Amino acid sequence: MEKALMSLTVVNGLPAHVLFVHFVIVLVPLSALALVVCAAWPAGARRLGLLLPILALVTLASVPVATHAGEWLEQHVGSNPLVRKHAELGDGLLPWALGLFVISAVVWWTARRSAPAADGAAGASSSPSVLVRGVVVVVSLAVAVGAVVDVYRIGDSGAKAAWKDSYSKTATQNGG
């Protein structure tokens with residue numbers, strides 16, 4: 001019986017991890033940037049609306065998909081310290097992605113509740129205090145930076161695991 005061409009571990013006969021990580025590489029920094037902008041600029045949060053927590057939720061969902069495919073790939077390549085380090089670092093991204101989602105939901109909720117009414121009056125509840133907004137901005141910035149730095153470290157370790165000693169440092173001749 002022929003194997004399926006696509007699954008959560010293999011896409012078109014190739015390891016799916018190398019495809020799925022690109023979603024994580026794009027979505028984590030994008031979610032982090034959107035979160036910081038919306039936390040610092042409530043009008044931006046109101047303008048983005050539900051898109052902010054939805055983006056963060058898709059980001060959160062992409063992490064275990066990439067991790068699952070990576071665990072499958074880890075079992076199908078030769079074990080070495082670089083692969084083990086990459087896998088260990090990859091396991092640490094989920095809490096950061098969860099933090100992006102939770103704080104995005106909080107920012108969305110507070111921006112929604114403090115939206116001005118059509119007549120310009122305050123919304124259903126008064127705007128959060130300057131202190132609360134400041135704390136949300138600082139926490140958003142900390143989680144955003146932590147998530148992006150973690151993605152960088154994971155990606156760097158994955159690139160080293162995949163490419164170390166796998167290419168020539170000088171150009172090779174291509175038959176002519």
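Once backbone amide H atoms are built at 1.01 Å from N, V10 has A16 as its partners under 5 Å, excluding neighbours fewer than 5 places away on the same chain. Solvent exposure of the chain amounts to 63 Å² per residue of accessible area, where only protein heavy atoms count and the probe is 1.4 Å. Charge tally around P53: other residues with Cβ under 15 Å, Lys/Arg +1 each, Asp/Glu -1 each, net +4.
With r as the distance between the Cβ atoms of L94 and L51 and R0 = 25 Å, compute the FRET efficiency 1/(1 + (r/R0)^6) and round to 0.05. Computed FRET efficiency for L51 and L94: 0.65.
Helix-only arithmetic for the chain: the sum of -39500 (n - 2.57) across DSSP H runs with n ≥ 4, divided by the residue total, places the mean residue ellipticity at 222 nm at -23500 deg cm²/dmol.
Peptide packing: for 160-166, 12-18, the average count of neighbouring Cβ atoms within 10 Å per residue gives the ranking 12-18, 160-166, highest mean first. Think of the chain as a dipole: +1 on every Lys or Arg Cβ, -1 on every Asp or Glu Cβ, centred on the Cα centre; then among T110, S129, L55, S129 lies furthest on the positive end.
3J(HN,Hα) along segment 23-29: 4, 5, 4, 8, 6, 5, x Hz, from the Karplus curve 6.51 cos²θ - 1.76 cosθ + 1.60 with θ = phi - 60°, whole Hz, x for Gly and Pro.
When peptides 128-137, 59-68 are ranked by their average number of other Cβ atoms within 10 Å per residue, the highest-first order is 59-68, 128-137. Split the accessible area of the chain by element, probe 1.4 Å, and carbon with sulfur accounts for 69%.
The values are calculated or read from the model by the stated rules, or taken from the named source; none is laboratory data. Remember, it's a predicted structure, so these values are computed and weren't measured experimentally. No Cβ is skipped: glycine too gets one built from the backbone with ideal geometry, and neighbour counts run over all protein chains shown. Protein only, heavy atoms only, side chains kept; ligands, DNA and RNA dropped before computing areas. Shrake-Rupley method; radii C 1.70, N 1.55, O 1.52, S 1.80 Å.
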